Amino acid sequence: MNSFSKNSLVAALLTVAAVSPALAQGEPTGNPAESALQGLRALEHVDGQLVGVGEAYKVHFVGGGMQYTPALGESAPRNLPLSYTFTSARRGAVTLETRPAGAAARDGCVAVYDRGSVVERFDVRPDGVEVTYTFMQRPAGKGDLVVRSSIATELSTDFRGETTDGLRFLWPELGGVSIGGVTGIDANGVEATGSVRFDGTHVEFVLPESFVLNAAYPMVLDPVIGTEFSVEIGSNVINPDVAYDVTEDVYLVAFELRHSVVDSDVIARRILPTGAPTGGAIMVALGAGLQRKPTVGNVNLRNRFIVGFEHGGSALGPFDVRARAVHAASAAMGSSLDVAVTAASEIDPDLSNGAGVLATSAVMAWNPVGGGIRAATLGVAPDGTLSIEHGPTSVSVGVSDAKPAISKGGSVGRYVVAWQRQYPTSLAILVRAVDEDSVLLNAEKLVADVVNIDEVSPDIDGDGTGFVVVFERQEGIGAVPSGIYARRLTWNGADLDLAPSYVPVRDQMGVDERTPAIAWCGQKYFVAWSMAGSPATPFAYHIFGKGIDPDTCAACGPVQLVSGGGGAVDSNPAIASMRSAASVADEALTVFSSAIAVPPFASTIRARRYEALIGGAVSQVRAGCIGGGTASLAGLFAFGNNVNVNLSGADPLASLAAVHIGTDLSPIVPCFSCPILEPFVAIPVSINNGNASMSLSIDCSIQLQGQALRFQYVVASTSTAPCLGIPAGFSSIVEGVLDF
Amino acid sequence: MNFTSRGLLACLCAAVPVLPGFAQGAPAQGPHGTHDAGEASATVDPESFPFAPAALGQNVGLQREADGSWRAMGPRWEVVLGDRAIELFPGLDVETSETHSVRFELLSVGRAQGATQTATRGRRVVRESDLQIRYEHGSYDEVYDVQVEGLEQSFEFRSLPAGSGDLVVRLAVATDLLPNLHGTTDGGMEFGLDPVLYSEASAAKVGAVTGIAADGTKRSGSMSYEGGVLELRLPADFVDGAALPLVLDPLLGSTSTQYSLGTWDQRNPDVAYDLATDSYLVVFEREIGTVFQIRAQRVAADGSLLGGSLGVNTSASSKFTPKVAGIRERGAWAVLWTEDNKIRGTGVGNDGAILSGASQLISGSTDLYATPDIGGSAAPIGDDATAVFLNFTTGDIEARLFTIDATMTPVVTGSIVTISSAANLEFAPCISKSGGETGNHLIVWQRTVSGFQRLRGAIVDRRLNFLDSLINITSDAVDQFDPDCDGDGRNWVVAWSRDEVADPTSQDIYCRSVFLNAAGTAGVLGSPAVGVEVHPGDDEFSPSVAWTGNAVLISFTDGESGGAHDLYVASFDPYSCARCEGSEFLVIDDAAENSWSSIVSPFSGGGTRSDAFIVWDAEDQTTFDSLVYGRMFVSEAGLVDDLGGGCGDGGIASAACARVDHSAFAHRMRGAPANSNAWLVMSFDRLDAACGPCALVANPFSGFVVATNTDPYGTAELAMPIPDNASLVGLTFFDQWFVPGAGCTNIGMGLSNAIQVTIQ
C-alpha cells in the first residue's frame, strides 16, 4: 500500500472538527472511565518480570510463555492460573524453524516473543489477552497451518477434539478462562475462520490450507484468551437478564431457577464491574408455581432495580406479570406488584431503565396473549414501593403480536417498543415510540416485513433519539437457519424515521444465528447473539458479539466470541450497558445461559464484560522544537470514538495554528531542531495561551485497523523562528494506532 | 345375557322383514339430548356438527352392469335397461315373498293411420353424468332420464312418422303384478299387488302421457292397456301442429305421488375414508323387493353427496353386512359382505367406479361364514386390506388379505389365516380401520370362556403374520361383546358392550387401550377397562371406534326412556381412555330407533383432520322403515402434528386430548428401550438442530427438561394437567424425548420424533 492510497483511506476515516477554545483546555470528548476498572489495562516490568493486568485478570510473561490468572473473586480458594507456552508451528508435515524466545519484550501494552519465522504477540486488553502469531511470509510445507502450545492449569475442561468455537477452562461455580476461536487475517484484511484442537495438554490453533495458500503476507493468526465468570451455578438456571446502577456501580443479574416443571423461582445477584459477585443470592420471587423470565431495569434516583417476571401455576399458563424493586446497595426488596393480572396469560415482560440519573420510574412492555402489546410506567417510591404510575397503554392490538422488547436507555424519557407480528405469509417486526409516562408518541411502524421470510425476536436500544433494532431473519423461505439483522431508527420530533433498509449484523449462510440482544454503549452499539457451533458438536451454540456503527449499523468492531467454546450450548444473551443506565462509561455486561449439550442439559448463568472502546497504542514519535509545544491525543484512539488532538506549551503569544495529519509513512523532514511532518491534510485551529485542541471523530472504517496516524501542530509564532527563519514553531509528533 | 351380535343376526336371517313404509324425512335434531334419569345432560354443540343429519340412501344412480345392461336406481325403484326391454322393480310397501317387476318392451311407433315402425333398438348413448340413456331409432329417440320419483321415459320425434292420425307408441308388458287398467284412460295406470290381499299396497306406476312440442306447447294424451300391450297415444291435431322435435313423455315409477317419498329399507351402514378425494364411501344394505343388495354412496367432507347411488354388486342373491375400508395407495375402497354364507368382496374407485363386475370370494367356498370386517391401508405404499370373518362351520376366526392391485382389480391374495380356533366359542371379529404407518392391525373377537363372553385380541402385520396371537382384553365374569377397534398401527383402542351385573338386560360401553411393545413382539394392555358410558339400568350398546390421531372417538347408541334410541359420540384419550372433551355429544335425538352406528376418521386413510363421519340406520317406530343417515363430527381434542426428527432408540412421542381443563393430559413416549433413563424436552419454540440422522426440534435450552424412566415396555409418561383457562386455547408447544442409546451418536442418545401440540 503506498502512502497515497493510505492517505486516501485515512482521509475517509477521519471526521475532523475544530474545537472551541474553551474545549481546548478541557477534557477530551472521549469517554473517561467511570468504573474504577473500566478500561483498565497495563503492562509493566515488576521485579524483573513483565506483568500485565486487565479488568478481570493479571498476566505474567515468564519462561517463554504466559501465565494468565483470572480474577475469580473472593470465593476462589487460591489463584487458578492457566499457563500457555508456545511449542511449535508447522504446516502440514513441515515444522517451521523457530528460535527459543528470551524474555518477552514490551511494546506498549503488548508483550512480544520474537521466535524467528513467527512473532508471538500478547496484547493486554481490558477484557483479555489477544494472542497473535504473525507470519511474515507463507510458511513452507503443504497443508494447514498449525500453531501448537502447551496448557497447564487446575482449571478443567471436558473438551477433547477439534472445534471452531474455542475452549473453556473452568473452576466449578466460579468461572475461568476462555480461549476464543481462531481467525486468520491477511495483509489485505481478508479473514478466515480456523479451528482449535485440544488433547488435554496441548492446544493447537489451525488455519486451513486454502487460506494459508492464498493469504497476503504478513498474515496473523488471532485467538483471544479472556476471563469468563459465572454468575450462578446450578443444574437449571436459565433466562438471565441484567441492568446496571451507576450510583452503586453494580449490575443486577436476575435469572430463573427451575426446581421442576411446576416450580421455578426468580433469583438475582449483584455483580461488580470486575465480574465478582457481591452479596448473596437475592430471592426475588419464590413460592408455589412458576416465577420465570425475569427482566431487569434500573431507576437511579431511587437507587433501585426493578425485576419483572411472569408468574403462573402451570408450565402451560396462564401467567401474570409481576414486578419487585431491589435496592442496588443493600439488596432490600419491596413488596411484589401485580402489573398485569387477568384470567388470560400475560407474558414476556421487558423493562427499560429510568430516564437519566433523576429517574424514579421505568417503563415495562409485555404481551397479553392474543391482545397485542401493552406498556405501563412503574414508579418506585423512596421506600422502594412499586406502583403503576401510568398505563397500561395498548401499544398494539394485533392478536398475534408477541415478543415485545423496549429500549433501555436515554435521558430524554423516550423509548421504542419493538415486537413481532404474524402476517399472512410470515412474521414481521414492528416498532412504536412511547414516552416515560407510557404515552404513545407515534403510530406503529413496520421495520422488517419480507414476504415468506420470518423476522422475529427483536431487541432494541437507543439514547432516546437514535435507536437500533436487531432481530432474527430467516436465511430463506422455509429455511431453519436465521441471521441477525439491524435497522436504525431516528426520532424526528414527531415520528420515527427508518434507515432505508436493514443490514446484516451476522448472517453466515447455513449457520444458525438467533436471539440477538443489543445495548447502546455511547459511541457504538454492542450486539450479541447465539450462533450454532461446529457440526461436530451437536446442539452447540455460542455467544458472539460485535460493535456496530450507530448510523449505518455496519461493523465497528470485530466479531468476538463472547462465551467459551467447546460443546456448550450458550444461549439467550442479554446485555446491560452502563451508558443505558445514565453512566458515561462505554462498558457493558453480557449474560447468557450456558448448558451442557446432553440431557439433562444442566445450565448455568455466565457473563462476560465488553469494552466498547479499547484503542490502539499512542506514542510520541518526535519531540518538537521551540515554540511548538507538545501534541498529545486525549481519548482512546479507537474506531467509533471521538478523540482530541491537544496542544500545550506552545508560544503563548501565538494566535494561529494548524494541525498536520500524516501517517507513519509520511516523511518527517528535519529543519534544524524541528521535525516537520509532511501532512496529507492540514487543518487550521485556534490557539489560546499556547494551548489548542481539535476534535477528531474516528469512524468505523475497521479495515484500517493497525494503521498509524501522526499529528503535529504548526504554530504561527511571533517570537521565534527555529527553522530557517520561518516564524513558526513545530510541536512534537504524536502517533496513534487505529484499533477497536 | 346378550349372546347374539349384530352381524350374526343379519347373517343368519334369510331376509329382513319388509314392512310398510311411509314418508320419512331427515330425523329432527333434538334441541338438547335427554338421557334417561340420572344421566348427565348431553351436549349439543352446533360447531361440533357442521351439517344436519343427511340421508345417504335416497340418491339416484345409473351404472353399467356386468352383462352390458344398465341399471337405473332410485330410492324406491330400480330399472334394468337391457338390449330389448326395460324391467322396472317397484318398491312395494308391504311384505311379499317374491320380488315383483314390470317388463316393458317397445313394440312399435307410428301414426294411427299409416304404417307402423317396428321398434328395433338403435345406437345407445349413455350420459352418466346427466343420468340419461338415449336409444337412437332414426327419426326418433327413446330416452330415459333417472329421477328420484322414477325413470322418465320419453320419445323425441325429430320428424313425424308417415301417415295420419294419433301418434301411437306400443309397448309389450310382462308382469306378475295386476294392472288397474283395462281399456283407455287420460291418466296413468298402475301395476300392483292383489288389492284383496294388500289393500293399501303401492305399485308400479306409468304416469299420464304428455306431449310437449319444441315451442313448449303441451297436450295430454291417453293410454290404453289390453292383453299385455300398453299403448301410449297423442292426439292427431296436436301432433300435426306441433313444432318439432316433439316429445311423448310418460313416467315410469314405483309409486303415486302421495307416497313417492316412501323407500326400501336401508340398514347396517359402514363407512371409510379416501385421502385423495377427501371423501367417504358409505355402504349399506338396501332392500329390493325381497332381495338385499349392497348399495354405496360417496359423500364429500361437507356432507354433500358425490355422484349417484352405487350398486356395489347387483347379482340376484341377497347380500348382508357390508363393510368397507380405504386403500390409500390405490385411491379406492375395498368392500366386502356376506352372500350365501360366504364372504365376498369387490372394490370401488374414489371416482365412484365399481372396480369389478364379478365379486371375489374371500372366504372358503365350502364352509359357512359370517360377520366380516375389513381393515384398510393408510400408508402411502401398501395396497392390502385385511378381511376378518367368522367361519361358522368351524367356529374359527379367520382372516385373509384382499388387495386392489395396480390395475385397480380386486384380488384375493394369500391363503386364509386362522386367527383363533376355539370351536363354536368365538364370534364377532372386528379389525382396526387402518394399519396406520406400520400396516399392523389389531383384531378383536368374542370368545366364550366359562360361560361368559370375553374379548380376545391379536396383532398382525400387513402380511397377516402374527405379532401377538392372543391378548386377553377382558377376563372378568360378565358378558362383554360387540367389540370395535381402531388405532395407528402401534396403539389401538377397543370399545365394547358390557352387561350390567345387576341388570344383564342392560349394557354399558367400555374401552381399553392396547399397544405393541418396543420389540414388536407382544401386545400390551395400555389402560384398564374404562367406562365410556355407564348408567345402571340404561341400555347403551353398539360402540364404534375412530382413531383421529389426536384422540379416539367412540359413537354408541343410548336407550331413551320412551323406547327409541339416540346416538352419541364422545372423545377419549387413546392411551388412557380418559374422557377428552367433557361430556358426550348428541348426534341424533328423535323418535326413531337410531342405532348401529359406524364412525371413521380421515386418519384411517392417512389424513390428519380431527373430524369423523358417523353413519347409522334410523328406523321409524311407526312404519318401521329404515334409512341410512350420516353426520360429521368435528372433534376439538387438541391438535398433534408429527414433525419427525426421531432416530435410533428415541421411541415415538405422542400426546392426545390437549384441551383446556383436561386434568389427565400427559406427555407420552412409546417404543423406547425398556427400563431406561429418558428425558422429555418440552418447549414453546423450536431449535431445529441436527445431530446425526436425528433432528432436535424442541428447544431444551429455553424449555423444560424433565427426567423420567421408561417402564418394562419401553414407555414413559409425564402427566401435566391443562388448566381450565380459555386463554390457553391456541397455545402451542413441542415435545421430544431423549433416550440413551443409538441415534445421535455424538452424544449417545436416541431422539424420539418431535410433536407439535396445540391446545384447543
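Taking the average, over residues, of other Cβ atoms within 10 Å as the packing measure, peptides A:545-552, B:429-436 rank B:429-436, A:545-552 from highest down.
In this structure the amide hydrogen of B:Ser108, modeled in the peptide plane, comes within under 5 Å of the amide hydrogens of B:Ala119, B:Arg170, none closer than 5 places in sequence on its chain.
The label point for B:Val125 and the one for B:Val449, both projected 7 Å from the Cα toward the Cβ, are 6.8 nm apart.
Tell me whether the stretch A:609-740 comes out rounded, prolate or oblate; compute the Cα gyration tensor, take square roots of the eigenvalues as a ≥ b ≥ c, and use a/c under 1.5 as the rounded threshold. Verdict is prolate for the stretch A:609-740.
Quick check on packing: order A:80-89, A:150-159 by the mean number of other C-beta atoms within 10 Å, highest mean leading. Present the calculation step by step, with values, prior to reporting the outcome.
Details: A:80-89: 19.3, A:150-159: 16.5.
The packing order, highest mean first, is A:80-89, A:150-159.
Taking every residue in B:693-705 and counting other chain Cβ atoms within 10 Å of its Cβ, the average works out to 5.
First measure r as the distance between the Cβ atoms of A:Ser150 and A:His45, then evaluate 1/(1 + (r/R0)^6) with R0 = 30 Å and state the FRET efficiency to the nearest 0.05.
0.75
Local charge for B:Glu619 was computed over the other residues whose Cβ lies under 9 Å away, with Lys and Arg +1 and Asp and Glu -1, and equals -4. Converting phi to 3J(HN,Hα) with the Karplus coefficients 6.51, -1.76 and 1.60 and the offset θ = phi - 60°, the stretch A:620-629 yields 8, 8, 9, 6, x, 10, 4, x, x, x Hz in sequence order, with x at every glycine or proline.
If you average over every viewing direction, what projected area does the convex hull of the Cα atoms of the stretch A:570-644 give, in nm²?
Averaged projected hull area, Cα only: 7.8 nm².
Put in line by how crowded their Cβ is, counting other Cβ atoms within 10 Å and starting with the fewest, A:Met509, B:Met408, B:Met669 read A:Met509, B:Met408, B:Met669.
Each residue of the stretch A:159-164 was assigned a 3J(HN,Hα) from its phi angle through the Karplus curve 6.51 cos²θ - 1.76 cosθ + 1.60 (θ = phi - 60°); the sequence is 6, 9, x, 10, 8, 8 Hz, with glycine and proline shown as x.
In debye to the nearest 20, how big a dipole does chain A give about its Cα centre with +1 on each Lys and Arg Cβ and -1 on each Asp and Glu Cβ?
Once rounded to the nearest 20, the dipole reads 860 debye.
Tally Lys/Arg at +1 and Asp/Glu at -1 over every other residue whose Cβ is under 14 Å from the Cβ of B:His182; what's the total? Don't skip to the answer; put the middle values down first.
Details: positive: none; negative: B:Glu190, B:Glu226, B:Glu231.
Overall, the nearby charge balance is -3.
Enter the mean number of other protein chain beta carbons within 10 Å of the beta carbon of each residue in B:721-734, as an integer. Taking all residues of B:721-734 together, the mean is 4.
For A:Lys293, B:Lys323, which order do you get if you count the other beta carbons within 10 Å of each Cβ and list the fewest first?
Values: A:Lys293 25, B:Lys323 30.
Result, fewest neighbours first: A:Lys293, B:Lys323.
Magnitude of the charge dipole for the protein assembly as shown, about its Cα centre and with charges confined to Cβ atoms of Lys, Arg (+1) and Asp, Glu (-1), is about 5420 debye.
Between amide H atoms placed 1.01 Å from N, distances below 5 Å from A:Gly116 occur with A:Arg99, all of them 5 or more places distant or on a separate chain.
Calculated from the alpha-carbon coordinates, the stretch A:403-451 shows an Rg and a Dmax of 12.1, 39 Å respectively. Identify, among B:Leu751, B:Gly74, B:Val494, the residue whose Cα sits farthest towards the positive end of the charge dipole of chain B, taking +1 on the Cβ of Lys and Arg and -1 on the Cβ of Asp and Glu, with the dipole about the Cα centre. Sorting the options by dipole projection puts first B:Leu751. Amide H contacts under 5 Å for A:Gln707: A:Leu738, restricted to partners 5 or more places along the chain or on a different chain, H placed in the peptide plane at 1.01 Å from N. Angle, helix A:3-13 long axis vs. longest principal axis of chain A, Cα atoms, 0 to 90°, nearest 10? The angle comes out near 30 degrees.
Report the net charge of residues surrounding B:Gly436, where surrounding means a beta-carbon distance below 15 angstrom and charges are Lys +1, Arg +1, Asp -1, Glu -1. Charge balance in the 15 Å sphere: -2. Dipole size of the stretch B:490-602 about its Cα centre, with +1 on Lys/Arg Cβ and -1 on Asp/Glu Cβ: approximately 900 debye, rounded to the nearest 20.
When A:Lys445, B:Lys205 are sorted by how many other C-beta atoms sit within 10 angstrom of their C-beta, beginning with the fewest, the order is A:Lys445, B:Lys205.
Could you work out, residue by residue across A:539-547, how many beta carbons of other chains sit within 10 Å of that residue's beta carbon, and then give the average as an integer? Walk me through the numbers on the way to the answer.
Numbers: counts 11, 2, 3, 0, 0, 0, 0, 0, 0.
Across the residues of A:539-547, the mean count of other-chain Cβ atoms within 10 Å is 2.
Judged by a Cβ-Cβ distance under 4.7 Å, the unpaired cysteines of chain A are A:Cys109, A:Cys521, A:Cys553. Taking θ as phi - 60° and the Karplus parameters 6.51, -1.76 and 1.60, the scalar couplings of the stretch B:209-226 work out to 7, 10, x, 10, 7, 4, 8, x, 5, 10, 8, 6, x, 9, 9, 9, 9, 8 Hz in sequence order, x denoting glycine and proline.
Here, each number is a calculation from the coordinates, and none is a lab measurement. The model shown is predicted, which means the values in this text are computed figures rather than measured ones. Reconstructed Cβ throughout: ideal geometry from the backbone, glycine too, with neighbour counts over all protein chains shown.
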